[in-house]
Amino acid sequence: MKKSIALFAIATVVGLGCSTASAQFKDADAAIDYREAAMTLMGSHFGRMGPVAKKEAPFDAEAIRANVAIFSTIAALPWVAYGPGTEGGAAKPSVWSDAKGFKQKQDDFKVAVTKLDAAAEKGDFDAFRVAFGAVGKSCKACHDSYREKD
Ligand code: HEC
């Protein structure tokens with residue numbers, strides 16, 4: 001009996017979590033603006049590390065660590081803004097019709113970002129370069145399937 005009450009409580013909390021998430025935005029346009037702003041910032045903080053990864057700029061372990069910390073914080077933001085009823089922007093309809101596949105791409109991305117975080121903490125260039133490349137592939141994999149080409 002106690003167990004089922006506990007399960008019910010968890011289900012309620014999870015349920016509330018979901019409804020609060022989509023209620024954070026006053027309408028679809030607000031959600032689209034939010035996620036596109038987050039993507040833009042993510043692109044900025046990711047892209048600036050490109051020259052370092054390509055050995056065109058020196059590896060400054062502390063600067064990379066600080067930037068990856070910002071990047072990985074921003075990388076957690078866009079997803080809540082893809083809730084039901086927020087179709088549009090430059091997102092393909094498949095984001096919603098294939099919600100499972102889209103979620104899988106988010107999960108793959110989160111794993112890659114966690115590895116980049118760990119590499120940056122270590123301050124090791126080769127680990128950083130490999131993890132950076134994997135994150136870049138993960139951005140592209142999602143964009144190829146779920147982002148409209150302009
Ligand atoms: C799980 C899917 C997914 C991942 C991972 C992802 N994106 Fe996106 N991204 C999208 C979608 C969908 C759009 C289309 C914009 C929208 O949602 O309206 C987009 C749009 C963008 C935009 C354009 C924003 C605008 O103003 O329209 C940039 C820049 C961007 N992404 C950068 C990145 C970078 C850099 C990464 C990786 C570090 C990344 N994205 C990872 C799905 C993803």
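Entry comment: accessible area of the range 26-146 is 54 Å² per residue, from protein heavy atoms only and a probe of 1.4 Å. On the range 76-137, 59 percent of the accessible area sits on carbon and sulfur atoms, based on a 1.4 Å probe.
What lysines sit close enough to Lys140 to cross-link, taking a C-alpha to C-alpha distance under 20 Å and skipping anything fewer than 8 places away on the same chain? Here the lysines satisfying the reach criterion relative to Lys140 are Lys54, Lys92, Lys100, Lys103, Lys105, Lys110, Lys115, Lys149. Note: relative contact order over the range 10-150, using C-alpha pairs below 8 Å and six or more positions apart, is 28 percent. Of the residues Met42, Gly83, Ala112, the one whose Cα sits farthest toward the positive end of the charge dipole of the range 26-146, with +1 on the Cβ of Lys and Arg and -1 on the Cβ of Asp and Glu, is Ala112. Note on Lys137: aspartates and glutamates with a C-alpha under 15 Å away, same-chain residues under 8 apart excluded, are Asp107, Asp108. A cut-off of 5 Å between modelled amide H atoms, ignoring neighbours fewer than 5 places along the same chain, links Ala91 with Glu148. Coupling constants for the range 58-63 follow from the phi torsions by the Karplus curve (6.51 cos²θ - 1.76 cosθ + 1.60, θ = phi - 60°), and in residue order they are x, 8, 10, 4, 6, 5 Hz; glycine and proline get x. Averaging 1/r over each pair of different alpha-carbon atoms in the range 26-146 and inverting the result gives 15.0 Å, the Kirkwood hydrodynamic radius.
The values are calculated or read from the model by the stated rules, or taken from the named source; none is laboratory data. Not measured: the values here are computed from a predicted model. Using ideal geometry, Cβ is built from the backbone for each residue, glycine included, and neighbour counts are taken over all protein chains shown. Side chains included, ligands, DNA and RNA excluded: accessible areas come from the protein's heavy atoms. Shrake-Rupley method; radii C 1.70, N 1.55, O 1.52, S 1.80 Å.
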